[in-house]
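Below is one structure, written out as structure tokens; the observations come after it.
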Amino acid sequence: MKLLVVDDSSTMRRIIKNTLQRLGHQDVLEGGDGVEGWSVLNANPDIDMLITDWNMPEMNGLELIKKVRADSRFTDLPIIMVTTEGGKAEVITALKAGVNNYIVKPFTPQVLKEKLAAVLGISE
Ligand SMILES: [Mg+2]
């Protein structure tokens, strides 16, 4: 399974990537903002899941999600948003834009594991 992690914080990308790798997902690509994320996704349309931050320069996570969902290749791509924007209005906005699940920073590896499983339909 190939995953794409998009966040403007290299520290956060490393944390998410390390957690994913400990969960057995070795194939993890990265993007530093929405523009980069979009170009990585287009270069690798076989990506199985997108994990994206909200607040980023150039193109934010919400804009990225809208762009992804507007493309017929990625209609069913599982998307998890990982963000400090934990307010109810933000969560609703993200869900409406097409995210499958939502993680509020800071988060534990267990939470990431559970959300991944939920999105992939895997029971633990
Ligand atoms: Mg950010």
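The values are calculated or read from the model by the stated rules, or taken from the named source; none is laboratory data. Bear in mind the structure is a predicted one, so any value in this text is a computation, not a measurement. Because the Cβ atoms are built from the backbone with ideal geometry, glycine has one as well, and the counts that use them run over all protein chains shown.
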The one condition in (1) charged (D, E, K, R); (2) more than 22 Å from residue 113 (Cα to Cα); (3) crowded, with 20+ Cβ neighbours inside 10 Å that residue 53 fails to fulfil: (2)
Test residue 61 against the criterion of being modelled with pLDDT of 95 or more, within 12 Å of the ligand (Cβ to nearest atom), within 21 Å of residue 114 (Cβ to Cβ) and of a type outside the set (A, V, I, L, M, F, W, C), and give yes or no. yes
Does residue 109 qualify as being at pLDDT 95 or above and away from the ligand (no atom under 15 Å from the Cβ)? no
Could you count how many residues in the range 1-29 are within 17 Å of residue 65 (Cβ to Cβ) and within 16 Å of the ligand (Cβ to nearest atom)? 6
Within the range 72-85, identify whether any single residue is more than 13 Å from the ligand (Cβ to nearest atom), modelled with pLDDT under 95 and surrounded by fewer than 17 Cβ atoms within 10 Å (Cβ to Cβ), and answer yes or no. yes
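Can you spot a residue in the range 37-60 that is of a type in the set (Asp, Glu) and free of Cβ contacts under 8 Å to residues at least 24 places away in the same chain? Before you say what the answer is, go through the steps one by one.
In the first step, residues of the range 37-60 are kept if they are of a type in the set (Asp, Glu); the result is 46, 48, 53, 58.
Within this subset, residues satisfying the condition of being free of Cβ contacts under 8 Å to residues at least 24 places away in the same chain are none.
No, the range 37-60 has no match at all.
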Any residue at all in the range 81-92 that is under 26 Å from residue 26 (Cα atoms) and part of a loop (DSSP other than H, G, I, E, B)? yes
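Condition check: under 14 Å from the mean Cα position of the chain (by Cα), assigned to a helix (DSSP H, G or I) and farther than 18 Å from residue 2 by Cβ. Does residue 20 satisfy that? Steps first, answer last, please.
Numbers: under 14 Å from the mean Cα position of the chain (by Cα): yes; assigned to a helix (DSSP H, G or I): yes; farther than 18 Å from residue 2 by Cβ: no.
Here the answer is no, as residue 20 does not meet what is asked.
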Scanning for something more than 12 Å from the chain's Cα centre (by Cα), part of a helix (DSSP H, G or I) and β-branched (Val, Ile, Thr), does the range 28-50 turn up at least one residue? yes
